[in-house]
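Undergrad: The structure follows.
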Amino acid sequence: MTTPPPHEDRHEDRHDDPRDDPRDERHDDLRDDRHDASRDGSRQDPVAPPPKPRHPLRHRSFRLLFFGRTLSALGDAVVPAALAIAISRATGSASALAVVLGCAMVPRLLLLPVGGVIADRFDARKVALTTDLVRCAAQIFVGLELVGGDPSILVLAVAETVGGAASAFAIPTSAPLVAGTVEEDGLLGANSLMASAASATRLGGPALAGLLIFTAGPGWAFLLDAASFAASAALLTLVRVRRTPIPRRSMRADLVQGWTEVRARDWYWTSLIAHAVWNGAAAVLATLGPLIAHHRRGGDGMWVLMLEAGSVGLLTGSLLASRARLRRPVLTGNLALTSYALPLVLLAADAPAVPLIVSYGLALGALGFFNPVWESYVFSSVPAGVLARVTSYDWLLSLAAMPVGYALAPLACDAFGPAVPLYVAAALVAALCLGTAAVPGVRHATTVTDAPRERAPVTV
């Protein structure tokens, strides 16, 4: 692989439009004030407070990134329902749906660490742009196959395999793209905005999917998703991102370095174990919850209300995170995640609908609050040159835990009844998330505002 060109080669182009550099945007006025003071002999107050951080959306590059990612998330939100209905109509087989979903999941899991290496080794913006175009083509292919009226499961499986592989390279680019378009003191606000937009699309996506499916057909949902990827790619062509070139090494050496960075931070890898257990427990609830709700009080309507309460909680927590000023963000976030044990216990105990719905909304609110706080701390604590690789391992553990939960939940339910796997999942979530408090690195992981990490220059 070729080493990226030195930043000095782009020095002149970079300063033709200083508005694209978030650092220049933020400090133009301050530099002008110092220049004027030096001319008239006046002295600047040495204890003057630092300038207030700019809102992330005032950075042009982040604004373009935010709108592109939001459009893409909205398109993705309509696909699950459309895919399930399309395959059910075509085959009437749950196995066929499982095969197609597996074709997307398996390459995503296998290739995530490689995607992290590629995002660190090359320009994350170009990698994200390429994967958007690949996924756009894949969704157009699926959409046209469904619109044609006689879809082939083999064709759909191949298209989903391509899309799943592309997503493995797209997911790790998220961290360097956000971290490279805002300043460090704006990371929490930026991540909160991203999480809030994703939560809003999850809330509105199913309704849009239903409208498209029952008026135009499921194929048009995939064509909408393809259009969202095309729009995201177009916006990415205008984004300018800081990046840190890394030395040329073998793929194996880069993978090992990423894993070494994970292992070097006890607050990180111990938290990842707790987060993986949380995701596995979420898969258990998602598998057994509809079945229990169907046969108990409240029926299917209670399950729908639970999901809506969770979506509202997720959005609310994401919005509140932007105002958080936590001294110990990792510890606080992990402790907040223990709240997910409550709806698991209440569902297992056949609790009334109201406390169950409220507890689920609060637990998802804690998740919505945790995600931007966690990401902001990770982005500011991990060196920029390995950020994509480190976060790819985070995604790998989180995504891999969910199929385990999906597989074990029905087996445990058949053997012991539905309550036992729910109680076990609740105990594991509480034990692992609370247990991170015993890790010195988690307790000592504090937000540092007076010594920001050195940032790389903006490149195109």
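Undergrad: What is the one condition in (1) among the hydroxyl-bearing types (S, T, Y); (2) surrounded by fewer than 19 Cβ atoms within 10 Å (Cβ to Cβ); (3) free of Cβ contacts under 8 Å to residues at least 60 places away in the same chain that S398 does not satisfy?
TA: Only one criterion in (1) among the hydroxyl-bearing types (S, T, Y); (2) surrounded by fewer than 19 Cβ atoms within 10 Å (Cβ to Cβ); (3) free of Cβ contacts under 8 Å to residues at least 60 places away in the same chain is unmet by S398, namely (3).
Conditions (1) open to solvent by less than 70 Å² (accessible area, probe 1.4 Å); (2) in contact with a strand residue (DSSP E or B) (Cβ under 6 Å, 6 or more places away or on another chain); (3) without any contact (Cβ under 8 Å) to a residue 40 or more places away in the chain, marked per residue:
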position	(1), (2), (3)
R249	no, no, yes
Q257	yes, no, no
E261	yes, no, no
T270	yes, no, no
H275	yes, no, no
P290	yes, no, yes
L314	yes, no, no
V330	yes, no, no
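Undergrad: Going through V378, V382, V345 one at a time, which residue ends up being open to solvent by 10 Å² or more (accessible area, probe 1.4 Å), in contact (Cβ under 8 Å) with a residue 12 or more places away in the chain and either within 17 Å of A430 (Cα to Cα) or out of contact with any strand residue (DSSP E or B) (no Cβ under 8 Å at 6 or more places or on another chain) (or both)? Break it down stepwise before answering.
TA: Numbers: V378 fails: open to solvent by 10 Å² or more (accessible area, probe 1.4 Å); V382 fails: open to solvent by 10 Å² or more (accessible area, probe 1.4 Å).
Step by step, each of V378, V382, V345 is checked, and only V345 is open to solvent by 10 Å² or more (accessible area, probe 1.4 Å), in contact (Cβ under 8 Å) with a residue 12 or more places away in the chain and either within 17 Å of A430 (Cα to Cα) or out of contact with any strand residue (DSSP E or B) (no Cβ under 8 Å at 6 or more places or on another chain) (or both).
Undergrad: Further question: I want to confirm something. Restricting to region 143-184 and keeping residues that are open to solvent by 30 Å² or more (accessible area, probe 1.4 Å) and among the acidic types (D, E), which single residue is modelled with the highest pLDDT?
TA: So the residue we want is E145.
Undergrad: Now a separate question. Please state which one of M302, M306 is among the aliphatic types (A, V, I, L, M), over 21 Å from M402 (Cα atoms), assigned to a helix (DSSP H, G or I) and open to solvent by less than 20 Å² (accessible area, probe 1.4 Å). So that I can check it myself, show each step before the final result.
TA: On the way: M306 fails: over 21 Å from M402 (Cα atoms).
None of the others qualify; the one that does is M302.
Undergrad: Further, regarding this structure: Checking the condition closer than 11 Å to G143 by Cα, open to solvent by less than 40 Å² (accessible area, probe 1.4 Å), in contact with a helix residue (DSSP H, G or I) (Cβ under 9 Å, 6 or more places away or on another chain) and hydrophobic (A, V, I, L, M, F, W, C), which residue from A209, A221, A195 passes?
TA: Numbers: A209 fails: closer than 11 Å to G143 by Cα; A195 fails: closer than 11 Å to G143 by Cα.
Every option except A221 fails the conditions.
The values are calculated or read from the model by the stated rules, or taken from the named source; none is laboratory data. No experiment lies behind these values; they were computed from the predicted model shown. Glycine also receives a Cβ, built like all others from the backbone with ideal geometry; neighbour counts cover every protein chain displayed. Remember, those area values only see protein heavy atoms, side chains included, never the ligands or the DNA or RNA. Shrake-Rupley method; radii C 1.70, N 1.55, O 1.52, S 1.80 Å.
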